[in-house]
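Undergrad: Okay, handing you the structure first.
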There are 2 protein chains.
Amino acid sequence: MKRITFSLVAIGALAGVAAFTSASGSASKEASPIYGVTIPSGYRDWQLIAVKQLHFAGMGEQLRAQVGNDIAMKAYKEGTRPFPDGAIIAAMHWTRVPSEDNDNVLDVPFPGTHSFVIGFPVNVQFMVKDSEKYAATGGWGFADFTNGKPGDKALHETCFPCHQTAKDRDFVFTDYAATP
Amino acid sequence: MKRITFSLVAIGALAGVAAFTSASGSASKEASPIYGVTIPSGYRDWQLIAVKQLHFAGMGEQLRAQVGNDIAMKAYKEGTRPFPDGAIIAAMHWTRVPSEDNDNVLDVPFPGTHSFVIGFPVNVQFMVKDSEKYAATGGWGFADFTNGKPGDKALHETCFPCHQTAKDRDFVFTDYAATP
């Protein structure tokens, strides 16, 4: 599934795409191919798992946040693996842009220091745990939405092979971020 | 307040400090000097406002997430400014480290691409809105905790001057991240 994101981002970066409208965080009627996963209602309000940054060689940067529904978060906090049925993890991906406002503040105490913030939304991905329905793919159903629309079948065929490399962690790449 | 964080991070980076224990997200009895702000219970579970990345020239990197309590999130979503009394914003700061796991997956479709994840917790900062109590500082009380302990008075004296540069945004630097 990660591979899908990278492709979309690469295309976006190369084409100079600078605006994606919002998927609004509410339920979409359109389901991902293969898995039939729709956008879960209210996912934008779920609890935070962790954040990440991605540097695409020569192609751009991303800031990312992973959030989980109540079942997923309970499993994260209690260290339960595999994740129980009903767990859903969402990964929100944004472009990364410099923040002139922040840099102006930072430059006094720390010359040459730079701050980066979210630019625009790129895509959102979901993993839905249903050990019976998705038995052939580690118990997970996958979905990748750009601008509220699911990617095509070919795109979704790459999800599981990529996540298979995290088989020892129930196919999930992201760890829970400890509290500072 | 940002200046404080930078100082702490700089000290941590220079001294090679590699471990901070958790503040646990539950209420601490210790309050910040000047403002008397304690760690709000359960803040780690609050809704996500946005994420950021910080590059300190020659000194290290941070990944950051801002979360808000219900009052703050309602104001963010409805565009209410100034924030109403009772709004609390928390900023969690972590070190940033490369992810070999992710890079191994990424390297096939995108050679030279790199992924970064959270290393260890650095500090957490809070802004608490009380327009009467904190009238002298834009209606905000500030707090900076490292390892569950508030920083000293000198540290907290730098909070407001820094945030004053964002006076036109009710002294808050972070915007709400639109849904991908």
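Undergrad: May I have the pair-distance distribution P(r) for region B:100-141, computed from all Cα-Cα distances with 10 Å bins from 0 and rounded to whole percent?
TA: For region B:100-141, the pair-distance distribution reads 25, 19, 15, 16, 18, 7.
Undergrad: P(r) for region B:24-180: what percent of alpha-carbon pairs falls in each 10 Å bin, starting at zero?
TA: In order of increasing distance, the bins hold 10, 35, 34, 14, 6, 1 percent.
Undergrad: Across the residues of A:50-62, average count of Cβ atoms on other protein chains within 10 Å? List each step's numbers first, then the result.
TA: Details: counts 6, 14, 10, 12, 8, 8, 6, 7, 3, 3, 0, 1, 1.
Mean number of neighbouring Cβ atoms from other chains: 6.
Undergrad: Mind checking the mean number of beta-carbon atoms from other chains within 10 Å of the Cβ atoms in B:91-98? If you can, show how the numbers build up before the last one.
TA: Working: counts 1, 6, 1, 6, 1, 3, 0, 1.
So the per-residue partner count for this stretch is 2.
Undergrad: Measuring nothing but label to label, 7 Å from Cα along Cα→Cβ, what are B:V108's distances to the other copies in nm, shortest first?
TA: 5.1
Undergrad: Buried accessible area for the B:A pair, summed, 1.4 Å probe, in Å² rounded to 100?
TA: Values: alone 9630 and 9630 Å², together 14480 Å².
Approximately 4800 Å², summed over both chains.
Undergrad: Let me ask another. Would you list which lysines come within 19 Å of A:K153, measuring only between C-alpha atoms, while excluding same-chain residues fewer than 8 positions from it?
TA: A:K2, A:K29, A:K133
Undergrad: Here is a further query. Scaled to the compact-protein estimate 2.2 N^0.38 Å, what is the alpha-carbon radius of gyration of region A:45-122, rounded to two decimal places?
TA: Details: Rg = 16.7 Å, N = 78, 2.2 N^0.38 = 11.5 Å.
Compactness ratio reported: 1.45.
Undergrad: Among the aspartates and glutamates, which fall within straight-line cross-link reach of A:K74, defined as a Cα-Cα distance under 19 Å, with same-chain neighbours fewer than 8 residues apart omitted?
TA: Straight-distance partners of A:K74: A:D45, A:D85, A:D130, A:D170, A:D175, B:D45.
Undergrad: A further question on this structure: Rule-of-thumb check for region A:111-180: C-alpha Rg over 2.2 N^0.38 Å? Before the final figure, lay out each step's value.
TA: Numbers: Rg = 16.0 Å, N = 70, 2.2 N^0.38 = 11.1 Å.
The value comes to 1.44.
Undergrad: Okay, moving on. Shortest first, in nm, what separates the label point of A:M59 from those of the same position in the other copies (7 Å along Cα→Cβ)?
TA: 3.4
Undergrad: Sequence neighbours fewer than 8 away in the same chain don't count; with that in mind, list the aspartates and glutamates whose C-alpha is under 19 Å from B:K149.
TA: Answer for B:K149, where 19 Å is the Cα cut-off: B:E30, B:E157, listed by chain and number.
Undergrad: Also, quick follow-up: So if I average 1/r over every pair of distinct C-alpha atoms in region B:75-164 and take the inverse, what Kirkwood radius in Å does that give?
TA: Working: mean 1/r = 0.0626 Å⁻¹.
It is 16.0 Å.
Undergrad: With every protein chain left in place, what is the accessible area per residue of region A:27-140 in square angstrom, probe 1.4 Å?
TA: On the way: 4370 Å² over 114 residues.
Ligands and nucleic acids excluded, the result is 38 Å² per residue.
Undergrad: Taking a point 7 Å out from Cα toward Cβ as the label site, list the nm distances between A:R169 and the same residue in every other copy, smallest first.
TA: 3.1
Undergrad: Separate question: Run the dipole for region B:42-115 about the Cα centre, Lys and Arg Cβ at +1, Asp and Glu Cβ at -1, nothing else charged, and hand back the magnitude in debye, nearest 20.
TA: On the way: 7 positive and 9 negative charges, 81 e Å.
With only Lys, Arg, Asp and Glu charged at Cβ, the dipole is about 380 debye.
The values are calculated or read from the model by the stated rules, or taken from the named source; none is laboratory data. Everything numeric in this text was worked out from a predicted model, so none of it was measured. Note that we place each Cβ from the backbone using ideal geometry, even for glycine, and neighbour counts take in every protein chain shown. These accessible areas exclude ligands, DNA and RNA; they are computed on the full protein's heavy atoms, side chains included. Shrake-Rupley method; radii C 1.70, N 1.55, O 1.52, S 1.80 Å.
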